[in-house]
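To start, the structure itself, in structure tokens.
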Amino acid sequence: MAVQKLEWDTPMYRLAVAQLDQTAALMELDENIWERLRTPQRALVVSFPFRRDNYTEVDTVFGYRVQHLLTMGPTKGGVRYDEDVDMGETTALAMWMTWKCALIGLPFGGAKGGVRINPRSFSQGELQRITRRYTSEIIEMIGPDRDIPAPDLGTNEQTMAWMMDTYSQQKGHAVPGVVTGKPVEIGGSLGRRDATGRGVITCVIESCRHVGIAFEGAKIVLQGYGQVGAAAARIANALGACVVAVSDLQGGIHDPKGLDLRKVDAWVEEHGSLEGFPGVERVTNAGILELPCDVLIPAAIQNQITGENAERIRCRILAEGANGPTTLEADEILRKRGVFVVPDILANAGGVTVSYFEWVQDAQQFFWTEEEVNTRLIQIMQRAFRDVLKVAEAKAIDLRTAAMMRGIHRVAEAKRRRGVFP
Ligand code: NAD
């Protein structure tokens, strides 16, 4: 099937479709269902104004919300604030959410949203106005039974609180279940903040066991020290691994003997970034990927490990915290070099899993302890990892293909059962 020239046709969308096509061909997937899965079911582009802090200046920005698949239940997916956000990126991310939710067995289809801005160039007041107006623009698409946003790159708990408040104001009553990843005070779940990182590390522990490395003392390198990366680093260290390098947008820090993360966190808290942290080597964001280590965790943005640098990656396990960090070309090189790759739709599924817990808790107004959340999360991640590994071994395929097969199979069966309307 040729990729048609469509609104969402960008390199990132092509990567998502190429992954789907490779897997669908291997599965001998029904061609009618295959074709339906290659494009999003609903996609909205909005442009909207917001006032700058000086009140007289009004800027216009673009926002997106894409729902890839409405077959499984409401749709679910993060909201990204980044200058590269476009229809293609949002669609690819929504598609990956579909496979991720199906792989874990959550009753959601995939969605994603975003606003094309650099969030670091706006004040909190401006970000609040952007968030509230964006929420109003997409309000008909979202809701606890329709589509449930969550934080992603450049957004956080506060963003979700503003979205929840804006939606609730319009409905006339509090609707906590419209978003997940919100503060605990307004119906958020304990354990959600660290959930993606905890899920990544659960997969890393399982991977170490599988490839025969001790997790305790394993050298870990992380690109990206945000919601996913910082939590993964903290949890890895607490469980006995040794985080030797981390980075943010400005670059990274490296200490082969291991970083003191408490000091790193205090530095970031005070200075806003890793820059200037004393007593360590500086590394670039490209260089950090090539440091020798046992486990490399890209946890920043997509398209980081490519045909250009895959030969120089020096880890035994690559666990994808970020979405889409590895290109198809790089995947092939890593496979040949024997790097054990835990794909994004498995490795970072802990976030949406606890988002699901949060949605369930909001619906029931019955809240769980942090221990309950973490125990259930770890059980689900371990089961998903082992199920995917079993498929990979039985069919002699890599984990990405095996994970996608499981996700696509669930979705395809649901589509077949529901049939075509009318
Ligand atoms: P975040 O905004 O909290 O943190 C991102 C980190 O990456 C920061 O340290 C930032 O400085 C760095 N970064 C941003 N742009 C960069 C660039 N161009 N080069 C190098 N570093 C850069 O975002 P997050 O929520 O931690 O998300 C990180 C990745 O994980 C994204 O790919 C996201 O889609 C994925 N993800 C997030 C969640 C979640 O629960 N937040 C769940 C699943 C997947």
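What accessible surface, in Å², does a 1.4 Å probe find on HIS254, ignoring ligands, DNA and RNA and rounding to the nearest 10?
Here the accessible area works out near 20 Å².
Using DSSP H assignments, which helices in the chain have an axial alpha-carbon span of 30 Å or above and a mean Kyte-Doolittle hydropathy of -1.0 or higher?
Helices passing the filter in the chain: 370-395.
What's the FRET efficiency of LYS171 with GLN365 using the Cβ-Cβ distance as r and R₀ = 25 Å, to the nearest 0.05?
Plugging the Cβ-Cβ distance into 1/(1 + (r/R0)^6) gives 0.90.
What number comes out for accessible area per residue over the range 1-157 if the probe is 1.4 Å? Units Å², please.
For the range 1-157, the per-residue accessible area is 40 Å².
From largest accessible area down, sort TRP96, TRP267; use a 1.4 Å probe on the protein chains.
TRP267, TRP96
Could you please report the charge total around SER47, scoring K, R as +1 and D, E as -1 over all other residues with beta-carbon less than 14 angstrom from its beta-carbon?
Its environment carries a net charge of 0.
Express in Å², to the nearest 10, the accessible area of THR369 obtained by rolling a 1.4 Å probe over the protein heavy atoms while all chains stay in place.
70 Å²
Bin all alpha-carbon pair distances of the chain at 10 Å intervals from 0 and give each bin's fraction as a whole percent.
Answer for the chain: a P(r) of 5, 23, 33, 27, 11, 1, 0 percent.
Can you tell me which of GLU370, GLU290, GLU269 moves the most in a GNM of the chain? Springs connect C-alpha atoms under 10 Å apart.
GLU269
Taking only pairs that are 8 or more places apart or on different chains, how many Lys pairs in the chain have Cα atoms under 23 angstrom apart?
20
Please give the Cα centre distance for the range 176-205 versus the range 250-313, rounded to the nearest Å.
Here the answer is 24 Å between Cα centres.
Counting only DSSP beta bridges with both residues in the chain, what percent are antiparallel, rounded to the nearest 5?
Restricted to the chain, the bridges split so that about 50 percent are antiparallel.
If I ignore ligands, DNA and RNA and count only protein heavy atoms, how much of SER207 is accessible to a 1.4 Å probe, in Å² to the nearest 10?
We get 0 Å² for SER207.
Could you let me know the centre-to-centre spacing of the range 377-417 and the range 55-77, using Cα atoms, in angstrom?
Between the Cα centres of the range 377-417 and the range 55-77 lies a distance of 28 Å.
Note down the relative contact order for the range 66-219 as a percent, whole number, built from C-alpha pairs under 8 angstrom at least six residues apart.
Taking the mean separation of contacting Cα pairs over the length of the range 66-219, I get 21 percent.
Give the long-range amide H neighbours of GLY78: residues separated by 5 or more places, or on another chain, with amide H under 5 Å away, using H modelled in the peptide plane at 1.01 Å from N.
Here the answer is GLY113, ALA150, since their amide H atoms fall under 5 Å of that of GLY78.
Ignoring ligands, DNA and RNA, how do LYS219, LYS395, LYS5 rank by accessible area with a 1.4 Å probe, largest first?
Greatest to least solvent exposure: LYS5, LYS395, LYS219.
Got a sec? What order do GLU157, GLU371 fall in by accessible area at 1.4 Å, biggest, i.e. largest, first?
Result of the area sort, largest leading: GLU371, GLU157.
Summarise the accessible area of the range 201-262 (1.4 Å probe, protein heavy atoms) by the percent that is carbon and sulfur.
The computed percentage sits at 54.
Could you give the semi-axes, largest first, of the ellipsoid that matches the range 62-159, computed as the square roots of 5 times the alpha carbon gyration tensor eigenvalues and rounded to whole Å?
They are 23, 13, 11 Å, listed from largest to smallest.
Using unit Cβ charges (K, R positive; D, E negative) and no other charged atoms, how large, in debye to the nearest 20, is the dipole of the chain about its Cα centre?
With only Lys, Arg, Asp and Glu charged at Cβ, the dipole is about 940 debye.
The values are calculated or read from the model by the stated rules, or taken from the named source; none is laboratory data. Bear in mind the structure is a predicted one, so any value in this text is a computation, not a measurement. We place every Cβ from the backbone using ideal geometry, glycine too, and count neighbours over all the protein chains shown. Ligands, DNA and RNA are excluded from the accessible area calculation, which covers all protein heavy atoms including side chains. Shrake-Rupley method; radii C 1.70, N 1.55, O 1.52, S 1.80 Å.
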